[in-house]
Each structure stands twice: as C-alpha cells, then as structure tokens.
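K.L.:
Before I ask anything, let me first share the structure, which is written out below as structure tokens.
The values are calculated or read from the model by the stated rules, or taken from the named source; none is laboratory data. Just so it is clear, the model here is predicted, and its values are computed rather than measured. Note: ideal-geometry Cβ built from the backbone for every residue, glycine included; neighbour counts use all protein chains shown. Note: areas computed on protein heavy atoms with side chains; ligands, DNA, RNA excluded. Shrake-Rupley method; radii C 1.70, N 1.55, O 1.52, S 1.80 Å.
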Amino acid sequence: MDKSTPFPFFIKISQILIGIVALFFVLFIGQAIILPLIYSLILAILLNPAVNFLVKKKLNRLLAISIVVVVATIAVIAFVYFLSSQMVMFGDALPQLQDKFNMLITEASDFVATTFNTSPNKLNEMIAKGKEELSSNSSMLIGKTLSTATDVIIIVTLLPVYIFMFLYYKPLLLEFVERLSPPENQDKVREVLLETKLLIQSYLSGLLLEALIVSALNSAGLLILGVDYAILIGVIGGLLNIIPYIGGIVATALPMILALATQSPTTALLVLGVYIIVQFIDNNF
C-alpha cells in the first residue's frame with residue numbers, strides 16, 4: 001500500500017496564507033450581513049434570561065420571545081428619541097455657541113499675539129485658513145455621515161428579526177453545534193457553550209449597568225454646576241466611557257469645552273474635577 005507523499009513545508013505555508021487571505025476577503029465582502037448577525041447573536045444571548053423567565057411563568061415560548069423583542073425594541077426607540085430631542089435642542093443653540101467660540105478664539109489669538117509678540121494678522125490668517133479647510137471637507141464628511149446613518153438604519157431594522165430568529169431556534173442551533181463534535185466530547189461542548197453564554201451575559205449586563213451609573217453621575221454633576229444640556233452631555237459621556245482610554249478623554253473634553261464657551265474657565269475646571277471623581281468611582285468600584 002503506497003503512502004501519500006507529504007507536502008513540502010512551503011506549500012503548507014502557502015495554503016495557510018491563502019486561506020487566511022480568503023477568510024478576511026469573505027469577511028470584508030460579507031460584512032453587511034455578518035455584522036448584523038454577530039450583533040443579533042450577542043443581543044439574543046443578553047435577552048435570553050428574560051425569555052427563560054417568561055417561559056418559567058408558563059408563557060408560550062413564541063409569545064415570550066415576541067414580548068421580549070418588542071419591549072427591547074421600544075426601549076431602544078425611546079432612548080434614541082430622547083437623545084434625538086436633546087440633540088435638536090442643542091442644534092437650535094449652535095449659532096449662539098458658534099458666536100461664543102469665535103469670541104473665545106479672537107481673545108485667545110489676541111492673548112497669544114501679545115504674549116509671544118506675534119502679528120495678530122498672521123494668526124487670523126491661520127485661523128481663516130483652518131476654517132476654509134474645514135468647510136471644504138464638510139461636504140465629504142456629510143456624505144460619509146449619511147452613508148453611515150443609512151447603514152445603521154438598515155442594521156437596526158434587521159436586528160429585531162435576527163434576534164427573534166436566534167431566540168426561537170436556539171435549541172436547534174445548540175443541538176447542531178453539539179453534534180459537530182464526537183459523542184464523547186458533547187458534554188464538554190455543552191459546558192463550554194453554557195460558560196460562554198454566561199460570560200457574555202455577565203459582561204454585557206455589567207457594561208450596561210456601568211454606562212447607566214456613569215451617565216447618571218455625569219448628568220448630576222453637570223446639573224449641579226449649571227452646565228447647559230447636562231443630561232445629553234452626561235449620557236454621551238457614559239456611552240463614550242465604554243470605549244477604553246480615548247472615550248474617557250473625549251467624554252471629558254466635550255463638557256469642558258461647552259462650559260468654557262457658555263460660562264467661565266472656572267466652571268470648565270470644576271467639570272474636569274467632577275469627571276475625575278466619576279472616573280475614580282468607575283475605575284475602583
């Protein structure tokens with residue numbers, strides 16, 4: 001009986017590299033389908049305990065899934081509506097904020113010109129040039145924003161459907177994954193799936209709770225300081241806090257700039273102090 005000739009090492013490496021490139025290419029091409037499926041799977045795992053709770057209360061599984069998906073969708077829509085209404089109010093005040101920012105820029109340029117003995121005209125030319133570049137790129141930024149908004153709307157529209165399907169066909173999906181392995185390993189596969197589900201549920205629940213607490217603390221601190229649009233800025237700060245490192249910096253800089261434009265440098269420093277305290281509580285407790 002002839003033994004098969006082993007492939008040379010360079011052929012195996014070539015096959016592995018081609019496989020990796022093909023995998024990433026397929027993921028890139030199919031991201032419009034794959035990403036909503038991944039998001040839906042994660043959210044379905046998060047909502048699964050609520051479905052199990054209703055099923056234990058002798059409710060039909062199909063009805064329980066429908067109730068959970070509808071309630072979650074309504075909660076998300078209500079949250080988005082709240083943020084949108086706050087942003088509309090913020091947009092109405094943008095002309096006033098722009099005038100105040102222009103005044104701050106003028107005062108800052110005069111201070112720099114006086115302190116460093118620089119010509120104010122040169123600084124004004126640099127500022128005007130920066131404004132022109134910003135306005136020239138605005139159309140491209142608006143186009144990207146509209147494209148991103150369209151993608152988000154499509155994903156949000158598909159998410160409830162995908163979540164419903166994942167929750168409804170969960171027993172069949174789990175059985176399918178278990179049967180992919182040999183019978184002697186199915187118990188281990190079942191245990192790994194259970195631990196993975198609990199891990200994702202715990203992580204997402206903790207993340208949402210953390211964002212809620214940070215948003216409440218931010219909003220309370222900004223309301224005490226009298227910063228405009230405190231709730232909107234506080235909620236945005238709580239959401240940005242989920243992003244490591246950069247999110248916290250942006251979440252702190254945004255209310256400081258707003259306080260500097262609408263009130264005084266002292267208020268901006270107090271905002272910094274409030275956010276440092278909130279970050280201390282968040283990072284340690």
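K.L.:
If you take the alpha carbon radius of gyration of the stretch 162-202 and divide it by 2.2 N^0.38 Å, what ratio comes out, to two decimals?
P.N.:
Details: Rg = 11.2 Å, N = 41, 2.2 N^0.38 = 9.0 Å.
Compared with the compact-globule rule of thumb, the stretch 162-202 sits at 1.24.
K.L.:
Then there is this: Test of understanding: what is the full-extension gain from Ile42 to Phe79, defined as 0.36 nm times their sequence separation minus their Cα-Cα distance?
P.N.:
Values: separation 37, 0.36 × 37 = 13.32 nm, distance 1.96 nm.
Gain on stretching Ile42 to Phe79: 11.4 nm.
K.L.:
May I ask you to compute the full-extension gain from Arg179 to Val71, defined as 0.36 nm times their residue separation minus their alpha-carbon distance, rounded to one decimal in nm? The partial results should precede the final answer.
P.N.:
Numbers: separation 108, 0.36 × 108 = 38.88 nm, distance 3.38 nm.
Residue separation times 0.36 nm, minus the Cα-Cα distance, leaves 35.5 nm.
K.L.:
Still on this model: Could you work out Rg/(2.2 N^0.38 Å) for the stretch 211-263, with Rg from alpha carbons only?
P.N.:
Rounded to two decimals, the normalised Rg is 1.02.
K.L.:
Hey, another quick one. If packing is taken as the average count of other Cβ atoms within 10 Å, what order do 35-48, 242-255, 183-196 fall into, highest mean first? All intermediate terms of the calculation are to be shown ahead of the outcome.
P.N.:
On the way: 35-48: 18.0, 242-255: 15.1, 183-196: 11.7.
Those peptides, ordered most packed to least, come out 35-48, 242-255, 183-196.
K.L.:
Express the carbon and sulfur contribution to the solvent-accessible surface of the stretch 151-244 as a percent, rounded to the nearest whole number, probe 1.4 angstrom.
P.N.:
Details: 4340 of 5920 Å².
Answer for the stretch 151-244: carbon and sulfur cover 73 percent of the accessible area.
K.L.:
Which order, highest average first, do 79-85, 165-171, 278-284 follow once you tally other Cβ atoms within 10 Å for each residue and take the mean per peptide?
P.N.:
Working: 79-85: 11.6, 165-171: 16.0, 278-284: 13.3.
Packing order, densest peptide first, comes out as 165-171, 278-284, 79-85.
K.L.:
Continuing with the same structure: With a cut-off of 15 Å, note down the residues of the stretch 194-228 whose backbone N falls inside the zone around a label point 7 Å from the Cα of Ile281 toward its beta carbon.
P.N.:
The answer is 209-225.
K.L.:
Sticking with this one: Rounded to the nearest percent, how much of the accessible area of the stretch 18-80 (1.4 Å probe, protein heavy atoms only) is carbon and sulfur?
P.N.:
Numbers: 3660 of 4310 Å².
Answer for the stretch 18-80: carbon and sulfur cover 85 percent of the accessible area.
K.L.:
Same structure again: When ranked by the protection proxy of mean other Cβ atoms within 10 Å per residue, highest first, what sequence do the peptides 229-241, 13-25, 62-74 form? Could the numbers behind the result be given before it?
P.N.:
Working: 229-241: 20.6, 13-25: 10.3, 62-74: 15.9.
Going from most to least packed, we get 229-241, 62-74, 13-25.
K.L.:
What three numbers, in Å, describe the spread of the alpha carbons of the stretch 156-252 along their principal axes, ordered from the longest?
P.N.:
Computed over the Cα atoms, the extents are 64, 28, 19 Å.
K.L.:
Also, quick follow-up: Given labels modelled 7 Å from the Cα in the Cβ direction, how far is it in nm from Leu63 to Tyr245?
P.N.:
5.2 nm
K.L.:
Take Thr266 and Ile29, extend 7 Å from each Cα along the Cα→Cβ direction, and tell me the distance between the two endpoints in nm.
P.N.:
Using points 7 Å along Cα→Cβ, the separation is 6.4 nm.
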